[in-house]
Amino acid sequence: MAVPKKRTSLSKKCIRKNGWKDKGYRTMLKAWALAKSLSTGNSKSFFVRKITNQA
């Protein structure tokens, strides 16, 4: 079984953790921008059908 030879420094650990968090933050921003464009009707990549109630 592979074992690390030396302990990872706190700064390296923090850098890696921040990169991991930043990836999630960027994904959240893209989702938020898409949701905003869909709600305002400005989306050019998605077509949303308007459902009308015909009673």
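The values are calculated or read from the model by the stated rules, or taken from the named source; none is laboratory data. Here the structure is a predicted model, which means the values were calculated and not measured. Because the Cβ atoms are built from the backbone with ideal geometry, glycine has one as well, and the counts that use them run over all protein chains shown.
Brief remarks follow.
- Test: residue in the stretch 19-34 that is modelled with pLDDT of 85 or more, in a loop (DSSP other than H, G, I, E, B) and not hydrophobic (A, V, I, L, M, F, W, C): no
- Within the stretch 24-38, residues that are without any contact (Cβ under 8 Å) to a residue 60 or more places away in the chain reach partners that are exposed (fewer than 11 other Cβ atoms within 10 Å of the Cβ) with beta carbons closer than 9 Å, at six or more positions or on different chains, in the pairs LEU34/SER45; LEU34/PHE46; LYS36/ASN42; SER37/LYS44; SER37/SER45; SER37/PHE46; LEU38/PHE46; LEU38/VAL48.
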